[in-house]
1. Let me spell out the model: positive unit charges on the Cβ of Lys and Arg, negative unit charges on the Cβ of Asp and Glu, origin at the Cα centre of chain A. What dipole size does that give, in debye rounded to 20?
2. Given points 7 Å out from each Cα along the Cα-Cβ axis, report the B:A51 to A:E59 separation in nanometres with one decimal.
3. For A:F96, B:F214, B:F31, what ranking results if the residue with the fewest other Cβ atoms within 10 Å of its Cβ goes first?
4. Defining the label point at 7 Å along Cα→Cβ, can you sort the distances from B:E182 to the same site in each other copy, shortest first, in nm?
5. Please check: in the Gaussian network model of chain A (C-alpha springs, under 10 Å), which one of A:T348, A:T200, A:T71 has the largest mean-square fluctuation.
6. How far is B:Y237 from itself in the other copies, in nm, if each label sits 7 Å out from Cα along the Cα-Cβ line, shortest first?
7. Write down the percent of antiparallel bridges among all DSSP beta bridges whose residues are both part of the protein assembly as shown, to the nearest 5.
8. Give, rounded to the nearest 20 debye, the magnitude of the charge dipole that the protein assembly as shown has about its Cα centre when Lys and Arg contribute +1 at Cβ and Asp and Glu contribute -1 at Cβ.
Protein chains: 2
Amino acid sequence: MSPGKTRLGRVTTKADQTPRPGRATLKDVAFRAGVSVPTVSRVIAGNYPVAVSTRRRVEKALRELDYVANTHARALRGQAIKAVAFILNDVRGPSFAQVAHGIEEEAARRGRLCLICTTSGDPERELDAVRLMREQGAEAVILIGSVRDDEAYRRQMRSLATSLDQAGSRLVLCGRPSLGPEVPATVVEYENEAGAYAVTGRLLAAGHRRVLFFGGEDEQTTSAQRLAGYRRALADYGVEFDASLVEPVDFVRDVAYLALRERLARRRDFTAVFAVTDQIAAGALRAVTEAGLSVPGDISLVGYDDVPPATDLRPQLTTVHVPYEELGRTAVRLALDRQAEQHVLLGTHVVIRDSVAAPADRA
Amino acid sequence: MSPGKTRLGRVTTKADQTPRPGRATLKDVAFRAGVSVPTVSRVIAGNYPVAVSTRRRVEKALRELDYVANTHARALRGQAIKAVAFILNDVRGPSFAQVAHGIEEEAARRGRLCLICTTSGDPERELDAVRLMREQGAEAVILIGSVRDDEAYRRQMRSLATSLDQAGSRLVLCGRPSLGPEVPATVVEYENEAGAYAVTGRLLAAGHRRVLFFGGEDEQTTSAQRLAGYRRALADYGVEFDASLVEPVDFVRDVAYLALRERLARRRDFTAVFAVTDQIAAGALRAVTEAGLSVPGDISLVGYDDVPPATDLRPQLTTVHVPYEELGRTAVRLALDRQAEQHVLLGTHVVIRDSVAAPADRA
DNA sequence: CTGAAAGCGCTAACAT
DNA sequence: ATGTTAGCGCTTTCAG
C-alpha cells in the first residue's frame, strides 16, 4: 500500500487535505496550521505553554475550519460525559413539567447536560429507557413520578440500580417509593400519603361522609398512596370505607370529565370529591358544573398537586401543595453529592381555597 | 517496564483481571470467557457466525460482568450518535410542552434519543446551548419558540446554522421566523400573524373598537408577529392604531394579572382584550373578574395558543388554535428526511367559544 | 516549546 | 469460526 493511505478510510496523504464533508478534526487543523496534532490540542486546552506565533496560526486554522471538538473522543479518553438523564411519562403533565424544570435548573447550574426520555407510562419502555441511559454513561438516571409496578418490574429495576451503581452512576427515584433498603438507589419522596390524609380530613371535618375518591389506579404507586391516605382519614373519622366510592380513571383531563358526568347521570351518591390530581379535579369541576350543580354549594371538591393552572379554576381549588420543583432539584443534588443523605422526604401541605363547604343535605 | 503494563493506566497483565470499579469493557469480558475481543463484539452484534459453545461462554461472562457497551467508543467508530437536541425557554410553558411532546414522540419513533436544554429566554444561553449540542454531535438542533433577537444574535445564529450544516447536522427553527433564504436551516412555522389577524377580526366584527393588545414585547419574534396581525386587522376595519392600547407584559401568568388589575384601576379605556397567550388571558380573566366586571358582558377577551388548561377557564376562551404537537413532529421529520421541503407553514384557526360578545356601551 | 507515540473501547477488514 | 491488526479523534506522557 502506498504510504499515507489507510486501506479504505480517507486519504491522509498531506497532499490531499481538502476539506471533506463532516466536521474538521484536529488533524485537519494541524495540517492547515503546519503543526502537529498535540500542539493544536494544547492550544485549545490552553493549559500548556505554546509560542505566541504558533498559537496564532493555530487559532486562525481553527476558525477557518470551524473546528468543533468531538465529544465522544474526549469522553473516551477521560471519564463519562457529564449528563444527567431523566425519564418521565409525559412532559405535558404540569407536575412533571415542574419537576423537569427543577432538574434542568440544577443540572445547568452544575454544568450538566440533560438527556430526556418519555415512556407514556409504559413500565417496559421505562426499563428500556434506563438501559439506554446507562449505555450513554449518564451520571444519574432520574425516574419521575408514578409507575404501574409489579414484582417482575421491581426485580428488573433493582438489578438496573445495582448495575448503574457499579458503573459509578446512580438511579434516582423521584416522587416514587423505594425499591427496598438494600438497593443502591437515591430516593426523593414527598409526603404523599400524608397529604391525602390531610385533604380528606378537610372534607370529613366539614361534615362530609360520602367522599368519592376520583381517579388513579391501584397499581399506580402515586394513586395507591393517595388512596391509602384517604382510607386512613376515613378510618380516623370512623367512616367506613365504601369501595363503590372509588372511581378509577385514567390520568387524563377529558376522560375524567366524561367519567364523572356519566356517574352523576346515574346517581349522586356522594357529597364531596377527592380528585387525585388537579387536572382530574378540573375535569370533575366541569362535569359537576354542567350537571347544574355548584361547587362547593352542592358538592365539595379537592385536588392534589397545586399546579399553576389550577389557580385559574373557579371556585379556586383547595388542594395539596407538592414541592415539585424542589423534588427535581433535590434529585440532581443528591445524585451528584454522594456524601449527602440518599433518602429524603419532602413535606406537603394543604392549600385552603374555596372549593370546600359543609354538605348541602346537612344544612 | 514490565510487559503487560501501561505506563500509568491500569494493569493489563492477564494475571490481574480483577473487576475494577467502573464499567466492564470488552477486554474484561473477553478475558473472562477466554476468547479474543472481536469475538465478544461479534456475539453482541450477532451479525456474524460464532460457535455455539463459544457464544454461550461469552454470554455468561457478559452477564456476570454486567457488560454495558460504551456508546462513545461506538460513536467514535461509526458516525455520530443518533440524537436530536432541542432548546427551549422553559418546559413549564404549556405550549412549549406540547411541542416538546411532539418532538419526543417523533424522535422515539425513529429511534432517536432526545437531548434537552433550557434557556430561560436568554439569547446568549441559547447560542451556548446550540454550540454545546453541536459538540455532542446531535443530528438536529431544534430551537423552539420565541427569542428576543437583534442583528448580532442573528449573525451568530446564521454562522452556527452553517457550521451545523457542514458537520452534517441541521438547525431547525420551530415556531420562529427564518434567518434568511441563504441560511441552511429548516423552518417550521405556523400562521402566526394570520391567526392574530383572525381573532382580532372577531373582536372587531363584534363591534369592538378599543381593543387592548395585552402581553409580549416587540423584540420577541412571536409577539411581534401577533402584534402585526392585530394591527393589520385594525387597519382593515378602519380603526386607527392607538399605541396606548398596547400593554406589554412578561410571558408570565401572575405578572399579567397584576398588570391588568392595575390598568383597570387607573382607567377602563378598552372594551376588549387580545391576550397574546392563553396563559396571559387567564391572568387577564382573573383581573377583570375580580374588578367586578364580567367576561364577555363587560369586556370581551380572546387568547392565543389553545392549550389544554385554557379549556378549564370560565367563560371558555375564544382563542387561536396552534398545532404545537405537529410543529414538533414536523421539525424532527424534516430534519431527518432531508429530501423533504425544508420550509413549511402550518395552519392556525380561531376556536370560537364564549368569551366574546358585543361591547356593552353599544347595546 | 514542540513532536512522536501510546492508548481510551470498539468494530471492520483481513488473515488464518 | 476465531484471532490479529488497524484506526475512529482525542489527550497525555515522554523525548527532544
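1. Details: 49 positive and 46 negative charges, 532 e Å.
Result for chain A is approximately 2560 debye, rounded to the nearest 20.
2. 6.1
3. Values: A:F96 25, B:F214 28, B:F31 18.
If I rank by nearby Cβ atoms, fewest first, I get B:F31, A:F96, B:F214.
4. 6.8
5. Result: A:T71 has the largest fluctuation of those listed.
6. Listed shortest first, these distances are 5.0 nm.
7. Working: 15 of 81 bridges.
About 20 percent, rounded to the nearest 5.
8. Working: 98 positive and 92 negative charges, 844 e Å.
With only Lys, Arg, Asp and Glu charged at Cβ, the dipole is about 4060 debye.
Laboratory data are not the source of any read-out in this text; all were calculated from the coordinates shown. What you are looking at is a predicted structure, and each value in this text was computed from that prediction instead of being measured. Don't worry about glycine lacking a Cβ; one is built from the backbone with ideal geometry, like all the others, and counts go over all protein chains shown.
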